Amino acid sequence: MSKIRIVYPYLLPIIGFFLAMAVFSTAATAKTTRVTFENGMEVIFKENHSSPMITSIVFVRAGAKYENDFNNGITHFLEHLLFDGTKNRSRLEISEGIKRHGGYINAFTRKDLTAYLVLTPKEYIEYGIEVQADQLFNSIFPDEEVTKERKIVIEEIQMDNDREANLASYFFNAKSMASTAYERPVLGYKNIISSIPRQKIIEYWKQYYAPNNMIALVIGDFDTEEMIETYRSVFGIIPPVDLPSPPDVSYYPPTDKSVYHKAGNTKMTYITIGIDAPHYTDPDYYAFDLMADYLSSDENSPFASTLVDGEGKPLYQSYSAYLETAEEFSRLVIEIITDDESKADGIVAGVDEVLENFDEFQPSAEILAGITVSKKVSEIFLEEKLHYYGFVIAPRLVTTGWDFMESYLEVIDKVNPTMMVRAADRWLDDLKYIATVFYPRQEKPEKEREKIHTVYREEVLPNGLTVVVKSNRDSRVFALNVIGKNRSASEPAGRDGITDFVNRMIKKGTTTYTAEELTNELAVVGAKVTLFDNPWIPYDDRYTIRQFAFMKFETIDEFTEQGLRLFADMVRNPAFDSAAVEQVRGVLIGLIGRQSGMTLNACRDLFYATLFEKSAYDKSIYGTPHTIGMITRNDLIAYHKKFYSPENMIITVGTNFDADTMMAMIKTAFGDMTPTGFSPAPATPGPAITGVARAHSGMDKEQIYIYLGNMLPGAGHPDAPAITLAMEILSSRLGKVLREEQGLAYSVGAGAVWDREFGWYICRIGTGSENFGQARDGIIAQINKLKSEGPTADELETAQNSIWGSSLTRRLSRINQAYYMGVNEYLGLDYDYEKEYIPQLRSLTAEQVKAAALKYLDTVNYVLATVGKI
């Protein structure tokens, strides 16, 4: 039985910190074992039984810092090539084999490492690591694949060069790391990638890809002793090699305050400041790491009060800070975005003021305790998402070693404000830095097998609120998701983007708490609140869609009651403070400006405007600078009242509390909300498309983006599963032919999007402008081929298992389980629809998938939207 802890509100300021510490000191610690095989390969085994998945991440000590000026980019190029065939498997057998077993495979390259990740259901992990080892040690580098990957990597470089934030980062790196190995970009340069010989790539691979130059992390649902032997049988038999001498890496700390300016292809101004910081072996490192979090916080950061003009208005659109940790150095990096280059001097002066007088801006003990708790709870959240843990946390072990990682959370517990001030005195007293200002140049005119003790409860409360609770004892996370139905259809005319505006106000204070007080209260319970997608992560738009809005809240079991009361207050009683409204308005207008300069985002909006002409979904989900500028505080208050009225909300919960107990708690928190009678006009499909509905917008970019698609029936239609399989197979074929064989793109894919009464399909590709005709014709050709020939038996099985594995992966975390329960409820499906959906997919035949493609994938009548240069 779960123990329900009752915490009285008037005691919270006193006991919050000590309660938080008790949570972590008493929580069960996952079993972790470190082994070094005879060949020198170090492996960390970390058991995690919260989901039936296992991930293996192999880190190779090879990256841009190991390169030279003549082979810069070779490590990342090599990462691509290791997916292109081995002595035992073809390229397709690597990627499709993992998908067929319900798995996920990926890799990434950084300055100091390359990582290879495989994630599979636990039944297939031995297969997964065999494929992983085969890639790493038995690749054969076919000539045709090297030629193809050259094109793909060059497309990736061009895509990166089209993102203004990346251009700002490159400029900062060139100035702050000049004449060091860390100056080199990970992707390299087009001229090097286009000319580096195949044999040089092979020589580099043989130099660095050896077990004694690798460290691996295995996390998931396994028995350690058995997994050690399985891993040893695959990786332990690979012989070591004589490694090259470590690179001689110089690092030059700033010697004064230097600020460099550069005009570029950007809509916003990016200010980046790099300051020498304690090495990870220095005791002051931990204080600086927490300092970076403190400087990044929304309401508590001193930047919120110092980076303002004479009238108290923010000079910034956003700010953040992080501690960059390398083997040779550490540095505090502060990044600030503003809408006007003329504000840069004031911003830099404000940063100077905070850092040079940090004792006057130090956090209180309560704020620091909240930051510490948040850091710990964040690791708990990430440990649920095994692949994200591999991307976000695990790479640090290559730099710092496992001992550092294992003791890190324990050590930061001991940091107090006095220690932080002492560290600032030592490192910031004689402040020196390298700063860059990258500003706009003058514009030119132009569910698998859940345990039996999982219990669901569903109820529609008297006020119209739909509530679904999933109770399961195997995770300590408390997760609550709110769906606001009919997002775009609910927005008033001329107020496009008001839903996103309202969501961003939810964390800016309530009628009970100021924004600063609310930030502190959230920190006390280590809460994570997500109200919109991260604009800095490419393609992170899975949740921000036209059909509905979402709000996510996560904490851990010990803080469930306190967190629920707090989040209910945020959802029900946002303050809509006038100053905060203007601050968020500025952020939104800046975000819209940045996105309008990206071919992907602009093309997506153009596609929707064409497909859904004169219907609710034709407008931009974020609005325009004009519509955001027109929204008043009263508009926000009125819209919030109706859109987040109980009859327009779905609340889904994942918890280890008893289901009936949790349902009672939700009723206490939300059951007395008053219904408003709000009933938005339903969204409707766009007009029938006759012929090719062509839409184009010119943009001076290296790539052109293409969106192609048309309407489908709704999510509950009997043909929906077959359509989903057809689009999965089509997406795989587009990747195989247009990316892998023809090298036209780094980013290409296809998929179906569902609403209750209708849906639509999308095929998309970003490619060089000169490839437009070939890419467009290639998409049409693959659709026609699927319609005429249907899928092979192997393609069908791979697609079925790929969708199954993706479904498991997306639901690794409790918050995503809650989110997808809400989505299913919104779509009129059962909240645990996956239990019947996956068997439905597996029952479909190749003929049924072919029939769905013939019926719905029209290559005569469709929308074709493009943005870029033709």
Computed accessible area, T530, all protein chains, 1.4 angstrom probe, square angstrom: 40 Å²
Solvent-accessible area per residue for the chain (1.4 angstrom probe, square angstrom): 38 Å²
Sites F108 and T690 - FRET efficiency at Förster radius 51 Å, r taken between beta-carbons, to 0.05: 0.70
Calculated over the stretch 541-600: convex hull of Cα atoms, volume per residue (Å³): 138 Å³
Protein-only accessible surface order, largest first, of K46, K667 at 1.4 Å: K667, K46
Compactness of the stretch 341-404, expressed as Rg and Dmax over alpha-carbon positions, Å: 17.6, 47
Listed residues N481, L611, V333: farthest to the positive end of the dipole of the chain (Cβ charges): L611
Table column - 3J(HN,Hα) (Hz), the stretch 127-142, Karplus curve with 6.51, -1.76, 1.60, x for Gly and Pro: 4, x, 6, 5, 4, 4, 5, 4, 4, 5, 10, 10, 5, 10, 6, x
Surface share of carbon and sulfur [accessible, 1.4 angstrom probe, percent] for the chain: 50 percent
Added length on full extension, which subtracts the Cα-Cα distance from 0.36 nm per residue, K200 to E225: 5.0 nm
The stretch 317-471: C-alpha pair distances exceeding 27 Å, %: 52 percent
Accessible surface, 1.4 Å probe, highest first, among residues D672, D569: D672, D569
Label point distance in nm, E613-E410, each placed 7 Å from Cα along Cα→Cβ: 6.7 nm
By average C-beta atoms within 10 angstrom, highest first, the peptides 713-720, 825-832, 598-605: 598-605, 825-832, 713-720
Diffusion constant of the stretch 677-747 at 10 °C, which comes from Stokes-Einstein with the Kirkwood Cα-pair radius and 1.306 mPa s, µm²/s: 99 µm²/s
For T55, solvent-accessible area (1.4 Å; no DNA, RNA or ligand), Å²: 0 Å²
Dipole moment magnitude, nearest 20 debye, the stretch 258-361 about Cα centre, only Lys, Arg, Asp, Glu C-beta charged: 460 debye
Bridge type composition, the chain - antiparallel percent by DSSP, nearest 5: 80 percent
Label-point gap, in nm, between K313 and I140 - each point 7 angstrom along Cα→Cβ: 6.6 nm
Most positive-pole-ward Cα, M41, M227, H640, against dipole of the chain from beta carbon charges: H640
Distance in nm between pseudo-label sites at D248 and E328 (7 Å out along the Cβ direction from Cα): 1.1 nm
Listed residues W754, W760, W804 arranged by accessible area, highest first, probe 1.4 Å: W754, W804, W760
Dipole magnitude (debye, nearest 20) for the chain, charges at Cβ of Lys, Arg, Asp, Glu: 2000 debye
Potential extension, K785-M630 segment - 0.36 nm per residue separation minus Cα distance: 50.9 nm
222 nm mean residue ellipticity, helices alone, for the chain (DSSP H n ≥ 4; -39,500 (n - 2.57); rounded to 500): -13000 deg cm²/dmol
Solvent-accessible area of H261 with every protein chain in place, 1.4 Å probe, in Å² to the nearest 10: 90 Å²
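The values are calculated or read from the model by the stated rules, or taken from the named source; none is laboratory data. Small disclaimer: the values here were computed from a predicted structure and weren't measured. No Cβ is skipped: glycine too gets one built from the backbone with ideal geometry, and neighbour counts run over all protein chains shown. Side chains are part of the model used for accessible areas, which takes the heavy atoms of the whole protein and leaves out ligands, DNA and RNA. Shrake-Rupley method; radii C 1.70, N 1.55, O 1.52, S 1.80 Å.
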